[in-house]
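The values are calculated or read from the model by the stated rules, or taken from the named source; none is laboratory data. Quick caveat: nothing in here was measured; it's all calculated off a predicted structure. All Cβ positions, even for glycine, are placed from backbone atoms using ideal geometry, and neighbour counts span all protein chains on display. Heads up: the accessible areas ignore ligands, DNA and RNA and are worked out on the full protein's heavy atoms, side chains in. Shrake-Rupley method; radii C 1.70, N 1.55, O 1.52, S 1.80 Å.
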Amino acid sequence: CGKKLEWGLRAWYPLAQSIHNAYIWNYPEHRKKDALIIHIGEKNSLIMGCSRTDLKIIKPLFIGIQSLTDSLRDNGLPIDDWSDRKDFQVPETFLRAMGLKADAGPHDDIFRPVFDSWRQEIDRTVNGIRKEHKISEDTEILLSGSAAEITYLDKFVEGSMGLDTRFLNPLRNLALPH
C-alpha cells in the first residue's frame, strides 16, 4: 500500500530530511545530475550525496561555524554578539592559492588554521564517500546552513574540490508575496 502511494520510511536525521526536501523541491533540473550537499552547522555539519533526486549517503562532518567564533575568543578578541558574522571570511591566502583575488579579511591570521582543518576534514570525508557514491566532474556541490555567513566559502570549496559549487536556496521556487 505504501509503495502505491509513493510513501517511504527512512531512518534519516530530521535535518538531513529537511535539506533533501529543499533540494528536490527547488532543484528539479538536478533530476539527471549527481550532487553533494554540504550543510555547515553551528557545531557539527554533514555531507549528503544525492544521485538524481535520491539521497544515497549521509556522513557527519566534524566542523562548524562555532570553531571560528571560538578561535576569535581564544585569541583574546571580545565577542559581544555571537551572531555578528559580517567579518567571517575565508583567508585571502587560500583564495590567492586558488587563483582568486580578494582583500585580506580582518581575521585571516586567526582563521587560517581553522579553514585548513576544515579543508582536510572535507577532503577526508569526500574521499571516504567516493567508495560508496559516484563523484564525477559533473557532480555539483551545494552549500547550505551557516555556510552563507562565510564570505567566499563557495570559492574555497570549489577550489579545493575542483567541482562547481554554489549555495542551496531553500526558497528558490516559492512564490512569496511582495
Within region 42-58, is there a residue that is of a type in the set (A, V, I, L, M), open to solvent by 30 Å² or more (accessible area, probe 1.4 Å), in a strand (DSSP E or B) and touching a helix residue (DSSP H, G or I) at 6+ places or on another chain (Cβ under 7 Å)? yes
Look at region 71-97 and say how many of its residues are of a type in the set (Gly, Ala, Ser), assigned to a helix (DSSP H, G or I) and open to solvent by 50 Å² or more (accessible area, probe 1.4 Å). 1
Yes or no: region 101-115 includes at least one residue that is touching a Phe, Trp or Tyr at 6+ places or on another chain (Cβ under 7 Å), modelled with pLDDT of 90 or more and within 29 Å of residue 26 (Cβ to Cβ). yes
Could we say that residue 24 is over 20 Å from the mean Cα position of the chain (by Cα) and not aromatic (Phe, Trp, Tyr) here? no
Could you tell me which numbered condition residue 132 fails, if it satisfies all but one of (1) open to solvent by 70 Å² or more (accessible area, probe 1.4 Å); (2) free of Cβ contacts under 8 Å to residues at least 40 places away in the same chain? (2)
Just to check your reading of the model, which residue among 3, 32 is within 20 Å of residue 170 (Cα to Cα) and open to solvent by 10 Å² or more (accessible area, probe 1.4 Å)? 32
